[in-house]
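The values are calculated or read from the model by the stated rules, or taken from the named source; none is laboratory data. Because the structure is predicted, anything quoted here is derived from the model rather than measured. Note that each Cβ is placed from the backbone with ideal geometry, even for glycine, and that neighbours are counted across all protein chains shown.
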Amino acid sequence: MLDRLPPEICAIIFDFACRDGRTGLALSHVSRYIRNTSELARYTSIALVGRAQIIAFAQFVEHIHLKLETRYLFINGQESEEELKSIVYEAFAGTRKAETEYRNLARNQLPPPDDEKLREAEEAVALEATNAHLLLGREEASAVETILHALGPTLEILDIAVNKYVAMMLVNPVSLPHLVDLTTRCGFPLRLSDVPALEPTHSLRYLHVVDSPHQWPRVEIFFQKRNLIYCSLAHPPRIVRVV
């Protein structure tokens, strides 16, 4: 039946239907006509779960020929506690090796405080730790920023959750001029500096702060820095604390 409708009518129907993150994919398998007419609507609502999906979709939006008009975006890059521990352990392998070399050097020698080898070993530990943090967060944070920049012009609802290493590396402010509802499970848009990772958003009405043991800031920081957050908003949002 849909095959007999003009594309303009199909587009309206698909715009309402493709809001659950699954219907659009199903429509793409119906027929060539439905696939083509639903192509843009398929991206009305997007759900990305896991690091692999986030990075893959970032690469996709960089090369797609369409101008996406996504309105609803769910990003969940938070691993389970056990998964995150495993990832962190692997990332800090170089740091552990450098620490072992430093301890062996300090234990086997009695150098003066300015001993060059001991100082170099100490610097190696710091360098490996810095590289580990970059390895843990840089690629996924870059992917999240790419996605937000690409979808930002039309985004209305954003639900975002990433691990603390990624959250702390979301350093480039993004513009979401039509955002109405923001649910943050990872501290976004707070940053370690005094400048939020979200440019002034005059449309924002609702801010849902979800307290989680996996996020880097405690939820109280949203209230301690409420003046800072409100400076980014023309209309102070309704903040809901969920434990």
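Of a type in the set (A, V, I, L, M), more than 21 Å from L207 (Cβ to Cβ) and touching a helix residue (DSSP H, G or I) at 6+ places or on another chain (Cβ under 8 Å): is that true of A126 in this structure?
On the way: of a type in the set (A, V, I, L, M): yes; more than 21 Å from L207 (Cβ to Cβ): yes; touching a helix residue (DSSP H, G or I) at 6+ places or on another chain (Cβ under 8 Å): no.
In short, no.
No other residue among T146, T130 is among the polar types (S, T, N, Q) and surrounded by 12 or more Cβ atoms within 10 Å (Cβ to Cβ) apart from T146.
Here are Q78, Q53, Q59: which of them is of a type outside the set (D, E, K, R), within 19 Å of the chain's Cα centre (by Cα), buried (at least 18 other Cβ atoms within 10 Å of the Cβ) and at pLDDT 75 or above? Give the derivation first.
Values: Q53 fails: buried (at least 18 other Cβ atoms within 10 Å of the Cβ); Q59 fails: buried (at least 18 other Cβ atoms within 10 Å of the Cβ).
After ruling out the rest, the residue left standing is Q78.
In region 176-207, how many are in contact with a Leu (Cβ under 8 Å, 6 or more places away or on another chain), touching a residue at least 24 places away in the same chain (Cβ under 8 Å) and not β-branched (V, I, T)?
First, pick out the residues of region 176-207 that are in contact with a Leu (Cβ under 8 Å, 6 or more places away or on another chain): 176, 178-184, 188-189, 191, 194, 196-204, 206-207.
Keeping just the survivors that are touching a residue at least 24 places away in the same chain (Cβ under 8 Å) gives 176, 178-184, 188-189, 194, 196-204, 206-207.
So of that shortlist, the ones also not β-branched (V, I, T) come out as 176, 178-179, 181-182, 188-189, 194, 196-200, 202-204, 206-207.
Of the residues in that region, 18 qualify.
Just one residue in the set A129, A141 is in contact with a Ser or Thr (Cβ under 7 Å, 6 or more places away or on another chain) and either more than 23 Å from A93 (Cβ to Cβ) or modelled with pLDDT of 75 or more (or both); that residue is A129.
Of these, R35, R96, R42, which one is surrounded by 12 or more Cβ atoms within 10 Å (Cβ to Cβ), modelled with pLDDT under 80, under 21 Å from G137 (Cβ atoms) and not aliphatic (A, V, I, L, M)?
Details: R35 fails: under 21 Å from G137 (Cβ atoms); R42 fails: under 21 Å from G137 (Cβ atoms).
The match here is R96.
If the condition is being assigned to a loop (DSSP other than H, G, I, E, B) and either among the charged types (D, E, K, R) or touching a strand residue (DSSP E or B) at 6+ places or on another chain (Cβ under 9 Å) (or both), then region 142-184 contributes G152, L155, E156, N163, L170, P173, S175, L176, L179, V180.
Say whether the condition of being in a strand (DSSP E or B) and surrounded by 20 or more Cβ atoms within 10 Å (Cβ to Cβ) is met by at least one residue in region 185-195. There is no residue in region 185-195 that is in a strand (DSSP E or B) and surrounded by 20 or more Cβ atoms within 10 Å (Cβ to Cβ).
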